[in-house]
Structure formats: structure tokens, C-alpha cells
Amino acid sequence: MVHRVNIPSFSSVRRRGVARALPWMVAACALATGCALPLEDENLDTGSTNEPLFVATSLVWGQPTSLAPIPVCWENASAGDADERLLVREAVERTWSSASQVVFSGWGACTSASSGIRIRIDDSGPHTKGLGTQLAGKIDGMVLNFSFQNWSTSCQSMRDFCIEAIAVHEFGHALGFAHEQNRSDTPAWCDAEQGSDGDAVIGDWDLESVMNYCNPAWNGNGALSTTDIRGVQQIYGPKLQLDQFGYNTGSGWRVEKHVRTMADVNGDGLDDVVGFGDSGVWVSLSLGDAQLSSHVRWIADYAYNQGWRNEKHVRTMADVDGDDMADVVAFGDSGVYVSLSTGSGFGPKTKWSQDYGYNTGSGWRIEKHVRELVDIDLDGRADVVGFGDSGVWVSRSTGTGFTAPQLWVTSYGYNQGWRIEKHVRYVADVTGDGEPDVVGFGDDGVYVSRSTGASFDAPQLWIAGFGYNAGSWRVEYHPRFLADVDGDGKHDIVGFANSGTYVSRSTGLGFAPMSLWQSIFGYNQGWYVDRHPRLLGDISGDGKADIVGFANGGLHTSLSTGLGFAPVTQRLADMGYVLGGWRVDKHPRLLGDVNGDGKLDIIGFGYNGVYVVLS
């Protein structure tokens, strides 16, 4: 049975807690689903939301790794409604299809054998006769209104808008999404429950969803909310945003030859894709909402064809002149080279230091010496920090060059027994004073040398754990990170051990005893360094670092509560070793904020290009 639209009086709707616009226009409905109502232009405090949507998981059209195009046809199309049918198609393609791997195909006239979504054009209340695959091949499975002579007559003055907004809502039902206000966590003031329910909720209730009757904007004005995008990506997988930078694109991007990273190269607050390829450094600017521009070569240097090799030369991005735009910094044969970003290209290659190169001094080697770019003196410019043979060297940026190397501490170097294959070393603020400190995971535990602003203190053992001998931690088995997991401004230890994920929070004077925060993501649970990348970053926007893990079964996350990691959630049935067929030696997976919302998003470089999963 199709539930028809109930149009309440203006006063009765206001008593529900939200003032709605005149009751002359109603939104689309689904089987046992009514229609959304227009809402007055009123500012509301919606709070924070995560991935929204109320989904019937048993009725989705397929998994991301096996999703076929969904056929669409028209039961009673005519030449006179060609423009309106095009409006529907374009609205759906720029929303649901633009955000995910969903492809709607066909769009011609239905036959008796037509499968997929069959649409009838009728001057009645728009609706669907079910959710998701319940519509597969169902005659008149979706009804859309183009004329508005009898139903919602005020749409006659804004037909294009109504047609588009209704189409987006109804195709949400066709993808398996029920009305958002039907969820059990819907606030009491939104009592507009209508129609069929889903069987799973995704994230928190979302006022701004196009599937929510209580949305202040009628049908979301036909535009997916940011969290609608996250939800459809979770169910159907992220859309291929750019057919470049992938294993099978162009001449083929290779982990062993080409560096790919995320950095804000134009100062707009969005992280962009930067790739060091065969012929130069290529950039694809982030346009927001997961969209990426076509890739452009910003400089014909620092690339494989110019003799740069991953096994010899570190190449990275950092703001070394303090203009809030990331620059190219490359450790070559004869020193450190820089190309400053102009916002639309990289300037000429300039040697900023005669040191830290493959052929300089006693020779800096990838397999022996860690080199990082860190703002060590807090002047807004990234400086060179190098773990050499005799200790840790620092060269500060002047904005036009790097100063001569200074030995800041005679430890953590190759001659003191520190080895890449055994000992992880970082530069991060563990005291909360804003100044980056040296943190080394040695044989007997984790050592810290605090920054004085002009040197590093002598090493102090902050915890007798997480070490080669102290706990038998191994680089090839047990990733160890520094990240602020409790939001206090100090970096903490996060270690993926045999039995799960351990955390030692920084007190500013030491690391607290190890605590098991999550009994997953460890070696004994089947997580392997050569198969399953694990990343730390704030994907929820609360200032605390979360776990992002790529398992056999896809992308999984575990949010920090500040006292532990929450239960693991499968964010995506893709980008995993089995689900998706992603490989560490072929497909880099990174974090970066591509839409400027303060939450790190997931960026994957697959076979066919770049995929973006919004957080």
C-alpha cells in the first residue's frame, strides 16, 4: 500500500517545534513513506553529525566491489516531457552518482522485460513502491510528477526546482534509504515518521539529510548534505574522483618509483593531491566535497626521468617560507632542493642546503638516516631535522634557504646503534609546549629529548616499553605512532602489538603505563604490515586522533573517546586486501582534509585513479 501525503495545518506543524512554510508544497514519498514538507528559512542548531541515513541493508543493489549499473526506464515517456526527464537524470547524477560508485544506466522507454527502476510520470504524489531492490523490475515502481496541476500546485511557478529536489529524494529511496526521521534516535520535536524503516542506522541522526522531513530546507534543496555523501559512500563505495595517479593510469604510477602525498599547495585550507611522477611533479587541487581538479604538471623536475629515485632521494611537501602554501622539498645527491609554491605552480629548483644529500658528507642514506621537515623554532617555516651518523642535526629555514647543520643532540644516530629496521624515530611535541621533541623507540623503551628551542636535551627513558628488547616490538610486525589521542595537546604513543592496540599517554614528563585501548588491529588478530595499513588521525573533528585501518574486509575505523578506542566500525566494504584487492606495494592510502571541515578524509590511490572517502 502506498501511503498518501498528509498535509498538516501550519499551526499544527509549528507546535512540533519547527516553524514550517505554507503547506502548499510537499515532498516525495515512498511505499509506506509519506512526503517531506517544506521548511521555513530558519536557523537551527543542528549539532554535530556523523554519517547519516537509515538504510535497508538487505535491499541495496550490491557491494562496492561488485556493483553493476542500475537500469532506469520510463513507463510513459513522450517527446513533450524530454526536458523534464533530463532534469531528473542530471539531478540524480550530480548527487548520488557524483558522490559514490552508483551508476544509473539506460533512461530510455520501458519494455515488458525492463529491470531496475521503472518510473511513471503522473500528476499525483511522488512515491516509490518500496526501498532499494524492491523496485527491481516493478512496474510503476517510482512515480514522479512533472505538471503539478493537481498535486502541489505551487510547484508550477518553480517546476524545475521541484522536479529536481523530488527526484533526489525518491532516488534515495530507490537506493535503499528510508526516511531519516523514522530512526529511533530522532528528536521528539521531529514527529513526522512515515513509511518503511531501514534495518540499520549509519552514524548520528542528520537533520540536513535529503531524506529527512524535518530538514529546514525542503528536500535539502535537492543537494546532498555532507553527511549524506558519507553515508552513500559507505554503502556503495566512493566514486573514482580522478583517473590519474593510479597503478593503471598514464604510464603507470608505482610505489617503488613515484611519491604521492597530500598537501595544501595553494593555501585555501584544502589538502591537494601531489604526485612525483616520471616527468615532473603533478598536482590535482581539491575543489571541496571530494571533488578533484584535473591534474596539472607544476614543475618538470624532481621526477624519475630526471634521475630521482625513491631508494636514494627523500621528496616531500612542507611550507618552508611561511606563506601557508606547501612547497617541494627534495633531498638530492648534492643537497636539499626547494621549489616554492606560487599557488598555481612551483618555482625554479633552488639549492637551499649543501648537506643532507646522497653524496654530501659521509653520505645520507634512506636505509640509515631519517630526514623530516618540522617547524622546530615555531616561526611558521618548516626546518630540516636529520638523524645522521653522529646524532640529530637541525637546519632552520630562513625563508630563502636552510642554515648550516647544527648538531642538537649526540644520540639517536647510526653510530649510536639506531637502525631503521629496528628503531622508529619521530619529531613531535610530547610536552605540550608547542615545540617538537625527539622521540625514539629504542632497544630498552621509548626515549625523549625535549626541545629547548636551540637544542635537544639528553635522552631520557620515558617508558620501558614499545622497544626492541622491551616488549619485543618489531618494525615488520608492530607499527608505532605518535598521535594526540586524548586532545590535551601532547602526542601520545599508539602501538599495534600482537594482542591489540596499546596506548601510553603523555603526562608531559613521561609516558603513562601501557593500556590496551582496543583488542583489534594487532598481529594476532590477522593485521599484517605488508597487507593492512593502519593510520592515526582525527576523522571525527573532536581534536582526538582515531584509528583508520585497512583490513581484509575493507576500511575500518575506531574513534578515540579520550580514554579508549570505540568499537570498530566498517566504514567501507572496499579498499581492503580482500574486499577491493588493494595492495600495500601498489595502492597508497592516505589521510587529508579535502573539504576543509576539520576532519581528515581517506584518500586511496587505486588501480584506476584516486578515490576519496569523506569523514
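Rule-based calculations on the coordinates, nothing more; no lab input. This one's a predicted model, so the numbers in the text were calculated from it and none came from an experiment. Glycine gets a Cβ as well: all are built from the backbone with ideal geometry, and neighbour counts include every protein chain shown.
The table that follows gives values for the structure above.
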| read-out | value |
| --- | --- |
| Helix 82-92 axis, angle to the chain major axis (alpha carbon atoms, nearest 10°) | 40 |
| Computed E for I139/D585 - FRET, C-beta separation, R0 60 angstrom, nearest 0.05 | 0.75 |
| All lysines inside 25 Å of K138 as judged from Cα atoms, apart from same-chain residues fewer than 8 positions distant | K129 |
| Length-normalised contact order of the chain in % [C-alpha pairs under 8 Å, at least 6 apart] | 10 |
| Separation in nanometres of the label points that stand 7 Å from Cα toward Cβ, at R474 and S66 | 3.6 |
| Extension gain (nm, one decimal) between S157 and V103, 0.36 nm per residue minus Cα-Cα | 16.3 nm |
| Principal-axis tilt of helix 226-236 within the chain, Cα atoms, nearest 10 degrees | 90 |
| Lysines whose Cα lies under 21 Å from that of K422, excluding same-chain neighbours fewer than 8 positions away | K312, K368 |
| For G604, net neighbour charge (Lys/Arg +1, Asp/Glu -1) across residues whose Cβ lies under 13 Å away | +4 |
| Segment 360-438: relative contact order as a whole-number percent, Cα under 8 Å and 6+ apart | 25 |
| Whole-Å distance, taken between Cα centres, linking segment 330-345 and segment 521-590 | 32 |
| Computed over segment 385-425: relative contact order in percent, which uses C-alpha pairs under 8 Å that are six or more apart | 40 |
| L591, L516 arranged by Cβ crowding within 10 Å, fewest neighbours leading | L516, L591 |
| Helical mean residue ellipticity (222 nm; -39500 (n - 2.57) per DSSP H run of 4+; nearest 500) of the chain | -2000 deg cm²/dmol |
| Pairwise label distance in nanometres, E90 with A512, each label 7 Å out on the Cα-Cβ vector | 5.6 |
| Net dipole in debye of segment 421-584 [+1 Lys, Arg Cβ; -1 Asp, Glu Cβ; about Cα centre; nearest 20] | 520 |
| Bridge type composition, the chain - antiparallel percent by DSSP, nearest 5 | 90 |
| Ascending count of other beta-carbon atoms within 10 Å, so fewest first, for Y304, Y337 | Y304, Y337 |
| Difference of contour (0.36 nm per residue) and Cα-Cα distance, Y528 to I420 | 37.0 nm |
| Reach of K239 by Cα under 23 Å, taken over lysines that are not fewer than 8 positions away in the same chain | K586, K599 |
| Principal axis dimensions, segment 450-569 - Cα atoms, whole angstrom, descending | 47, 35, 23 |
